[in-house]
1. From the list Leu208, Leu239, Leu273, which residue is in contact with an Asp or Glu (Cβ under 8 Å, 6 or more places away or on another chain) and either closer than 28 Å to Leu112 by Cα or acidic (Asp, Glu) (or both)?
2. Could you grab the pairs with beta carbons closer than 6 Å, sequence gap of 6+ or different chains, first residue in region 166-183 and among the small types (Gly, Ala, Ser), second one more than 10 Å from the ligand (Cβ to nearest atom)?
3. Need the failing condition index for Ala198 against (1) within 15 Å of the ligand (Cβ to nearest atom); (2) open to solvent by less than 10 Å² (accessible area, probe 1.4 Å), just the number.
4. What pairs can you find where one residue is in region 94-118 and under 14 Å from Glu248 (Cα atoms), the other is part of a helix (DSSP H, G or I) and of a type in the set (Lys, Arg), and their Cβ atoms are less than 8 Å apart, with a gap of 6+ or different chains?
5. Could you pull out every one of the strands (runs of 3 or more DSSP E) wholly within region 1-69 that has 3 or more residues that are open to solvent by less than 40 Å² (accessible area, probe 1.4 Å) and within 9 Å of the ligand (Cβ to nearest atom)?
6. Test each condition in (1) over 26 Å from Pro174 (Cβ atoms); (2) part of a loop (DSSP other than H, G, I, E, B) for Pro141 and report the one that comes out false.
7. Mind counting the residues in region 140-165 that are touching a residue at least 40 places away in the same chain (Cβ under 8 Å), open to solvent by less than 70 Å² (accessible area, probe 1.4 Å) and more than 8 Å from the ligand (Cβ to nearest atom)?
8. Exactly one of these conditions fails for Ala151: (1) touching a helix residue (DSSP H, G or I) at 6+ places or on another chain (Cβ under 7 Å); (2) within 27 Å of Leu239 (Cβ to Cβ). Give me its number.
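The values are calculated or read from the model by the stated rules, or taken from the named source; none is laboratory data. These numbers come from a predicted model, not from an experiment. Positions of Cβ are backbone-derived with ideal geometry, glycine not excepted, and every protein chain shown enters the neighbour counts. Side chains are part of the model used for accessible areas, which takes the heavy atoms of the whole protein and leaves out ligands, DNA and RNA. Shrake-Rupley method; radii C 1.70, N 1.55, O 1.52, S 1.80 Å.
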Amino acid sequence: MQIARTIADFKPMRPQWQSEGSGVALVPTMGALHEGHMSLIKRARGLAPRVVVSIFVNPTQFGPHEDFENYPRLLERDLEMLEEVGVDAAFIPEVAEMYPPGFKTFVTVEELGSRLCGVSRPTHFRGVTTVVLKLFNIIQPHIAVFGQKDAQQTVIIHRMVRDLGLDVDIVVCPIVREPDGLALSSRNRYLTSQERQAATILSRCLDLAEQTVKYGENRAAVLLDEIRRKMASEPRVRLDYAEIVDCEDLSPIETIEGPALLALAVFVGKTRLIDNTYLRRFSHT
Ligand code: AMP
């Protein structure tokens, strides 16, 4: 596995791979890798002969009082995991490499970035789209692989790719969960054992909604009331939002007809966790 710490380090790899006729798949991450990330990398392996994984804790997607400083950084262990799974190159730039002094350019997908997580994290998605576009420009992948875990992110990146005519296919992989339903996340390591137990409320609420839809309920307000009630039964958990939205424009919907995105964000202690599922109207015919 080659390791590129700078854009200049990475540059010679592209023409070399191109001359071999090899396509490139990129998996962007912030490190502290877990089986969720690994599932994306394995998928990327099946999609392109060359796989690049970026590890970059991107400061512009963190708000002023968020966990940028404390975000887990486990680079040596991450690189071992990447070597083991068989990645061609790891791109691991420093902040000054991605944001040189005087950096002024940001990419914003209007409206979509202000909904759901954008309400409590107003600059988050502008940080995400800016760094992802910059990674696309540096790595020039044919394919980029993201996780459904960050559903709003995938919708926004799809829109950026479409709006800017970027020549990259976006592939989205399912959420990898612990046996008890908790979605894997680098932030789960912040949780105390009691918080870890309480955090299963997220997937339990998603299950409840899926079951309720299965039994014929398709009114979003009723489903969201049930979720809020269930969340309230878990004293360690504070709901940030629970919304049922259109899969493309993320606007709230009243009745589930086609597939709809149920997205949840909570605070468990000080840790903010998200989870989601697609709800589909159940046909009894
Ligand atoms: P992060 O390192 O948290 O920025 O995540 C990097 C990529 O891994 C994103 O596309 C995430 O959606 C994806 N990811 C994170 N957790 C999971 C998970 N539990 N299952 C599948 N993909 C995930």
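1. Going through Leu208, Leu239, Leu273 in turn, just one is in contact with an Asp or Glu (Cβ under 8 Å, 6 or more places away or on another chain) and either closer than 28 Å to Leu112 by Cα or acidic (Asp, Glu) (or both): Leu208.
2. From region 166-183, the pairs are Gly181/Thr200; Gly181/Ser203.
3. (1)
4. Val109/Arg159; Leu112/Arg159; Gly113/Arg126
5. 24-29
6. Going through the list (1) over 26 Å from Pro174 (Cβ atoms); (2) part of a loop (DSSP other than H, G, I, E, B), Pro141 breaks only (1).
7. Here the count works out to 9.
8. Going through (1) touching a helix residue (DSSP H, G or I) at 6+ places or on another chain (Cβ under 7 Å); (2) within 27 Å of Leu239 (Cβ to Cβ) one by one, Ala151 breaks only (1).
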